[in-house]
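Input: a single structure, listed below in structure tokens.
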Amino acid sequence: MALKLKSEKSMHGGRVVQYTHDSKTTGTEMVFSVFIPANAEFTKVPALYYLSGLTCTDLNFTEKAGAQQFAAKAGIMLVAPDTSPRGDDVPGDYDGEVKWDFGKGAGFYVNATVDKFKKNYNMYDYVTKELPAIVEAELPALPGVKSITGHSMGGHGALVCALKNPGAYKSVSAFAPICHPTKCPWGEKAFTGYLGSVDAGKEYDATELMLAKGPFPELGEILIDTGAADNFLTGDVNQLRPKDFEEACKEKGQKLTSRFQAGADHSYYFIASYIEDHINYHARALRNASMVVSSKPTELPPTDTVGKPIKCKAAVAYAAKEPLKVVEVTVAPPKAGEVRVKVISNALCHTDIYTLSGQDPEGLFPSILGHEAGCIVESVGEGVSSVAPGDHVIPCYTPQCNEGSCIFCMSPKTNLCPKIRGTQGKGVMPDGTSRFTGPDGETLYHFMGCSAFSEYTVVAEISCAKINPALHLEKASLFGCGVSTGLGAVWNTTKVEPNSSVAVWGLGAVGLAVVQAAKMAGARRIFAIDLNKSKFQIATKLGATDCLNPADYEEPMNVVLVKMTQWGVDYTFDCTGNVKVMRQALEAAHRGWGMSCVIGVAAAGMEIATRPFQVVTGRRWCGTAFGGWKSRSDVPKLVERNLAGELPIDHFITHRFKGVEEISKAIDALHGGDCLRAVVSY
Ligand SMILES: NC(=O)c1ccc[n+]([C@@H]2O[C@H](COP(=O)([O-])OP(=O)(O)OC[C@H]3O[C@@H](n4cnc5c(N)ncnc54)[C@H](O)[C@@H]3O)[C@@H](O)[C@H]2O)c1
Ligand SMILES: [Zn+2]
Ligand SMILES: [Zn+2]
């Protein structure tokens, strides 16, 4: 490792670390600070570089800007380098005099060409090349997914680095940047000293670069904040000249938001006031960038089956509590608004077992179960426009019709589109009929709008999430139900914040996804609770800090947790479906603000109870279906995050089976206790 650890502190669920290393670019030892958010412990994250101003080091930003709390929330790394090379043998004088705005602490983010400085003062190459290479090789930073910001001289640096390297930075912003350095005393001095002339500085001047090479559409809208009461803007000399840059952007058609913040000066009080905006601005761009993944072209499926019934194998549930029977079924072609898909992989979910066991009073038989699948579109019915043959899709049991008249689809508050709810619950397609026929001509019911225990199935177009085909469909199937549900319960339904405490009952795939998502959200303490202690190892790996087995305690878990935490846990989740657990989870929630989320599906006829006092004293009870994800718009994004390396899910696949015949073996595995997800590929 080329990096030497100088200091390390825990902060907002993540770590603030200072490193030193020998730099080839500056010929000195360099120092930089990073904030590594909690999610980076098991995944790579995008990085935001911050360049500091004159006389600063890496620590001004780290200690004064308060940026880490927002980076923790956004799940991005912060990287803050020093502002210049240092050391007794590094020259730093300007014409024999030591100045505060030249030399050490004032590298100006250029590569010096003047003999005296060119050995060490190469901050431009250091920031744009050597430092990102080290950060991406040795720290959990996503290669190539970075943005840049900075303050004053560092704001100039950020703009220049971004404008000189189109495509290298996903976004750029700046606080009080020196926008036109060839036209202000700071820049004139730096360029004369390091480059030999002011004119040579034009290639390190944001306004001149914009005029010469702009616009830069790949940067989107550049964001600049300047304090309206900044004495370097309003004093005798205007060192910053933001209006020059505004005019250059206007002339070249570059999108720019340039704001002047009333009352703000040049200090870190100003930066701390607006850092949240800047972090969120970059997080959006970085998130979008990490989702652009090259997709391999899809192979078109054969067309000889289009419009005709397909005979294929399916594992049919003829009656509750009876083993599945593998038979040849006939799958009719898709009608209007429907899609016929070839199922490539299907993961078993607890809900399939629950229905097969007869506990679900609404369970219909004979039917084809299965609802966590990765599929390829074989053919589409009339009027289908959002997917085409060859597309990779995940059928979702929560559809998304996206019609303007659907108040649920139009509301950001929910994912519960009721468009086909009535017929889906009755085991038929929206026209009231089934597409499945059994070997004796019997009609077979659909299940949860998916029916993936069959080599081919028909689903509604509005249930099809079209995903990037680069993800293997075996993995993609996991996003069809349990894993997405656990992640969404944390990120969408309860919105767990950095530093909070979380308790999860039930460490199946759903509960472990809750643990993983809570860790990624920066939760400080995560209690993982299960009667089966073999789940504790993986829970700990995913971020659980305390693993508890209720069998080890005489008192109920809510009493245990309240004792351990004094007032309870900020967010609690039931992932068992047991109504007693649901009550304990509510009563373990923090007095005053604790929120408890019901995820588990309870057996038929069960009710939940608590004393009203529990909610009067501030505990809130909520629940989630499919984690609140809007299926067609959100599931593809989860897939992209996985492809970008940000959201690993491989650990959920514990068992693999081949062929429809082996679905029963997969069910046995799920009962076995050591299984998270058993995936059957056909
Ligand atoms: N709300 C939704 O949208 C949604 C989506 C998917 C699954 N679910 C439901 O979520 C639940 C979990 O699904 P899964 O696939 O992870 O199931 P799973 O069976 O794999 O895991 C359940 C875990 O809970 C543990 N457990 C059972 N009783 C317990 C108790 N009293 N205390 C502590 N631990 C206990 C088990 O040992 C097991 O590890 C199920 O009820 C399922 O139907 C809901
Ligand atoms: Zn499910
Ligand atoms: Zn809808």
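Observations on the structure shown:
- Residue satisfying condition, being away from ligand 1 (no atom under 14 Å from the Cβ) and either closer than 30 Å to Thr565 by Cβ or in contact with a Ser or Thr (Cβ under 9 Å, 6 or more places away or on another chain) (or both), within set Gly425, Gly432, Gly488: Gly432
- Residue in the stretch 201-218 that is in contact with a helix residue (DSSP H, G or I) (Cβ under 6 Å, 6 or more places away or on another chain), of a type in the set (D, E, K, R) and surrounded by 23 or more Cβ atoms within 10 Å (Cβ to Cβ) present: yes
- The set of residues from the stretch 560-580 being surrounded by 24 or more Cβ atoms within 10 Å (Cβ to Cβ) and either part of a helix (DSSP H, G or I) or of a type in the set (Lys, Arg) (or both) comprises just one member, Leu561.
- Gly404 being crowded, with 16+ Cβ neighbours inside 10 Å, among the small types (Gly, Ala, Ser) and in the same structural domain as Lys325 (by TED's automatic domain parsing): no
- Scanning the stretch 383-417 for residues that are in contact (Cβ under 8 Å) with a residue 12 or more places away in the chain and within 16 Å of ligand 1 (Cβ to nearest atom) gives Ile394, Pro395, Cys396, Tyr397, Thr398, Pro399, Gln400, Thr414, Asn415, Leu416, Cys417.
- Residues satisfying the stated conditions in the stretch 209-227, i.e. without any contact (Cβ under 8 Å) to a residue 40 or more places away in the chain and within 15 Å of Lys164 (Cα to Cα): Ala212, Pro217
- Qualifying residues in the stretch 319-338 (those that are assigned to a strand (DSSP E or B) and not acidic (Asp, Glu)) - the one nearest to Gly381 (Cα to Cα): Val331
Okay, residues lined up against (1) at pLDDT below 90; (2) out of contact with any strand residue (DSSP E or B) (no Cβ under 9 Å at 6 or more places or on another chain); (3) surrounded by 17 or more Cβ atoms within 10 Å (Cβ to Cβ):
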residue	(1), (2), (3)
Ser294	yes, yes, no
Pro302	yes, no, no
Gly307	no, no, no
Lys311	no, no, no
Ala317	no, no, yes
Ala320	no, yes, no
Glu328	no, no, no
Val331	no, no, yes
Leu348	no, no, yes
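- Any hit, the stretch 393-416, residues being under 19 Å from His472 (Cα atoms), in a loop (DSSP other than H, G, I, E, B) and either touching a Pro at 6+ places or on another chain (Cβ under 6 Å) or at pLDDT 95 or above (or both): yes
- Only one entry in Val598, Val660 is touching a helix residue (DSSP H, G or I) at 6+ places or on another chain (Cβ under 8 Å), of a type in the set (A, V, I, L, M, F, W, C) and under 30 Å from Ile420 (Cα atoms), namely Val598.
The values are calculated or read from the model by the stated rules, or taken from the named source; none is laboratory data. Owing to the predicted nature of the structure, the values given are computational and were not obtained by experimental measurement. A quick note on method: Cβ atoms are made from the backbone with ideal geometry, for glycine too, and the neighbour counts reach across all protein chains shown.
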